[in-house]
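To start, the structure itself, in structure tokens.
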Amino acid sequence: MLLLLTLLGAALLGAALLTWRHAPARNRIPRAQKRRAIALQKMEALAQRLRQQEPDLDPKPILELPLAELAQRLRTEELSLESVLCSYLEQALKAHQEVNCLTDFLGECEEQLQELKKLKKSERGLLYGVPMSLKDPYDCTGHDSTCGLAQFLEKPATKDGVIVKVLKAQGAIPFVKTNIPQTLLSLECSNPIYGQTLNPLNLKKTCGGSSGGEAALLAERGSILGMGTDTGGSIRIPASFCGVYGLRTTGSRLSYTGVASAIKGKKSVSTVAGPMARDVESLALCLRALLSEDMHRLDPTVPWTPFREEVYTSNRPLRIGYYESDGYTQPSPSMARAVQLTCRLLQDAGHQVIPFSIPRPAYAIKHLFTGGLFADGGATLLEKLDGDIVDPIIKGLVNQLRLPDPIKGFLSWILMYIYPRTSQQFEEIRGVGTPKKLWEQHTAVEEYQQEFIAKWRSLDLDVLLTPVVAPAFCIGCFSQSPECQSYVSLYNVLDFPVGVVPVTTVTPQDEEELAFYKGYYGDSSDKHFPEVMSGSVGLPVAVQCIALPWEDELCLRFMKEVDTLVKNQRGPK
């Protein structure tokens, strides 16, 4: 009898363990939400303790300092580490209450602060004492990197990622992680775990994605420096929508070890790390800090390429290619005007501007980008969503990926002559199938990259000026007009360094002209575009500054030139 009861108990325990192991991933979400609430309470408690040390602290002057000056004052002890961290903790909490941008508090920042205080002045790095934010997928010891996916919950990182280690070695104090869209594959910012992040400039608009939490926090001055990632505009779109600055670096310039992803192993579409900030000089300072010997030592697959000051500080006139339209998606009136305005300023400053057109844009966007991103037909992505709640912002894409291949092929065929872009979408998400076809896809990307570079060099260009998607979409609207992503996703196929600089704002005239928008294809994406972009007067409009691979310093130098000219034109605030 005892043996029978023992066996029955063992069976019941085994069944319970099996049920727990195979319980839907979504069951972890309430626990994650509770953990975030507790973490933010701890964040508030630390802010209060630091405030008690300096009850008369006025955070406003600290929050208004540019990064270079803040870092200098921290190194020389004109400002205390405690006063700066307190200022940013308080402001980040305020920002989160307004726009829901934080996913976690990195409580170890308090211990790190104490360790930094033990350093000699000669040992202090370029970012000594600077509080900074990290996009959710950056691994930090003891914290989840969720990508907005329930499957990734309760799997805390066992060590810091390479970039986090390098930043800490340079004295930076990562103190929060920021929100993202589910899977990271959306230009909005919502997931079933942490909810929707809003645009602080207009709460009816999205902050963009996938580095949306970073951009929103920076715009609210809740952070002075952040790290994002970019697969198809994920740094540049949020920076554009929120009026901040971002840099998509050359693919192998920075390590990606220790950064989570919903789709690992992509070869023909590069996902990269990059800094986000409130001015160009902050991006440059961050890149200087990251391009240290530590980067190569910690990740030998990344070549040691120190920051080239002579390129960044050069003042020689540039030969600049430009286009107002990529030939695939008609730009909004404000996007075209931003390029026109910037071209005039550059010409007046003594630079040459030369018209440029993209070779075979539809082929690059649909076959190379979409086909490369979903080379496995979306199988990996769907696997990561197993047992999860699918967020509304990606539901349309997920439904397409779940269709059987014959249905995708049939839809592609019947839509071919009515809506060619939609037809090609269904064709490309079928995946490439065999390893041979995967190799052919990768080869096609390399050939296109060489074709693009050949055209660039035939015009003897230094850099390229282009629109970036703007202004910010209304919340939940991206799925209605997804083709506008073409302006940013092209450069993930090409793997060029690209920076975003805000240059103007939407005017009433831009809004009036939007009513006459027709698009190039007359499909659903074109028809919804004016609706997606409307109601945006006063919101920021940016441009993209682009250089050839490994010319990140030249990209930053071009960004600095554009930014300086725009600010000089506006005059003092």
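The values are calculated or read from the model by the stated rules, or taken from the named source; none is laboratory data. Because the structure is a prediction, the values reported are computed rather than measured. Positions of Cβ are generated from backbone atoms using ideal geometry, with glycine treated the same way; all protein chains shown enter the neighbour counts. Each accessible area value is taken on the protein alone, full model and side chains, heavy atoms only, with ligands, DNA and RNA left out. Shrake-Rupley method; radii C 1.70, N 1.55, O 1.52, S 1.80 Å.
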Is it the case that some residue within region 184-192 is part of a helix (DSSP H, G or I) and at positive phi? yes
So how many residues does region 372-413 have that are free of Cβ contacts under 8 Å to residues at least 60 places away in the same chain, in a loop (DSSP other than H, G, I, E, B) and either hydrophobic (A, V, I, L, M, F, W, C) or open to solvent by less than 40 Å² (accessible area, probe 1.4 Å) (or both)? 4
Restricting to region 329-382, name every residue that is among the acidic types (Asp, Glu) and modelled with pLDDT of 95 or more. Asp348
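Look at Gly251 and say whether it is under 26 Å from Gly148 (Cα atoms) and either out of contact with any Cys (no Cβ under 7 Å at 6 or more places or on another chain) or in a loop (DSSP other than H, G, I, E, B) (or both). Walk me through how you get there before you give the answer.
Working: under 26 Å from Gly148 (Cα atoms): yes; either out of contact with any Cys (no Cβ under 7 Å at 6 or more places or on another chain) or in a loop (DSSP other than H, G, I, E, B) (or both): yes.
Yes; evaluated as a whole, the condition is true for this residue.
What number of residues within region 14-39 satisfy the criterion of being modelled with pLDDT under 50 and either surrounded by fewer than 10 Cβ atoms within 10 Å (Cβ to Cβ) or over 21 Å from Glu383 (Cα atoms) (or both)?
Narrowing region 14-39 to residues modelled with pLDDT under 50: 14-22.
Those left that are additionally either surrounded by fewer than 10 Cβ atoms within 10 Å (Cβ to Cβ) or over 21 Å from Glu383 (Cα atoms) (or both): 14-17, 19-22.
The qualifying residues number 8.
For region 21-60, what are the residues that are in a helix (DSSP H, G or I) and among the acidic types (Asp, Glu)?
Taking region 21-60 first, the residues in a helix (DSSP H, G or I) are 21, 25-53, 59-60.
Once the filter is applied, which keeps residues that are in a helix (DSSP H, G or I) and among the acidic types (Asp, Glu), region 21-60 yields only Glu44.
Residues are listed down the side, and each one gets a yes or a no for (1) assigned to a loop (DSSP other than H, G, I, E, B); (2) hydrophobic (A, V, I, L, M, F, W, C); (3) without any contact (Cβ under 8 Å) to a residue 24 or more places away in the chain; (4) surrounded by fewer than 20 Cβ atoms within 10 Å (Cβ to Cβ):
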| site | (1), (2), (3), (4) |
| --- | --- |
| Ser240 | no, no, no, no |
| Gly246 | no, no, no, no |
| Thr257 | yes, no, no, yes |
| Ala273 | no, yes, no, no |
| Met295 | no, yes, no, no |
| Thr301 | yes, no, no, yes |
| Trp304 | yes, yes, yes, yes |
| Glu310 | no, no, yes, yes |
| Gly327 | yes, no, no, yes |
Where in region 453-540 are there helices (runs of 4 or more DSSP H), lying wholly inside it, with at least 1 residues that are over 27 Å from Val562 (Cβ atoms) and in contact with a Pro (Cβ under 9 Å, 6 or more places away or on another chain)? 524-533
Conditions first: (1) among the basic types (Lys, Arg); (2) within 18 Å of the chain's Cα centre (by Cα); (3) under 30 Å from Val506 (Cβ atoms). Lys204 passes all but one, so which condition is the exception? (2)
Go over the candidates Leu167, Leu149, Leu102, Leu127 one by one and state the one that is crowded, with 21+ Cβ neighbours inside 10 Å and in contact with a His (Cβ under 9 Å, 6 or more places away or on another chain). Leu102
Return yes or no: is Leu89 assigned to a loop (DSSP other than H, G, I, E, B) and open to solvent by less than 80 Å² (accessible area, probe 1.4 Å)? no
